[in-house]
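Quick note: the coordinates plus some simple rules give every number you see, no bench work behind them. Worth saying up front: this structure is predicted, and the values here are computed from it rather than measured. Don't worry about glycine lacking a Cβ; one is built from the backbone with ideal geometry, like all the others, and counts go over all protein chains shown.
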Amino acid sequence: MWTLNGTRIIATSEDAELSQIIARLNPINNGTVLQAFGYDEEIRKIVCVIVGDTDMDAIKALTTTATAVPLSSYDGPEGNYYVAKVAYNRKPVWKQTVRSDRPAFSPVYVASIELYPE
């Protein structure tokens, strides 16, 4: 079971991205000069299903706190992350069967959550 700050999410995919900060300079009468200025920490993107307005509101609220929150996966604690972005849409589901602890007519959302490490 995945949780983000204690809110249950059902992860369907996870991506990560790494990058360097490199400036490309093209002086006149010379070849390209590359200047490295460091690197970004790994950025994680989790696509997940969220059931219910209460859980969706809790995830959306994490984009306004400027606080790192714990992420846990099936493997255990993953560390603390800042929630940078949440993109979501509500699915036209008549009756949800994903979570038996929620009412059958709870709304179902698919969200993409971008996380920055603490």
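Relative contact order of the range 2-117, please, whole-number percent, based on alpha carbon pairs below 8 angstrom and at least 6 residues apart. It rounds to 29 percent for the range 2-117. For K85, the aspartates and glutamates whose Cα comes closer than 17 Å to its Cα, not counting residues fewer than 8 places off in the same chain, are E14, D15, E17, D40, E41, E42, D55, D57, E114, E118.
With contacts taken as Cα pairs under 8 Å at a separation of at least 6 residues, the range 1-69 carries a relative contact order of 35 percent. Can you give the FRET efficiency for Y82 and N30, using 1/(1 + (r/R0)^6), R0 = 25 Å, r = Cβ-Cβ distance, to the nearest 0.05? Using R0 = 25 Å, I get an efficiency of 0.05. Only helical runs count toward this figure. For the chain, summing -39,500 (n - 2.57) over DSSP H runs of n ≥ 4 and dividing by all residues gives -2000 deg cm²/dmol at 222 nm.
Remark: relative contact order (the range 31-92) = 22 percent; criterion is Cα-Cα distance under 8 angstrom and separation of 6 or more residues. Our Cα-only numbers for the chain put the radius of gyration and Dmax at 19.0, 69 Å.
Exposure proxy shown here: for W94, W2, the number of other Cβ atoms within 10 Å sets the order, fewest to most, as W94, W2.
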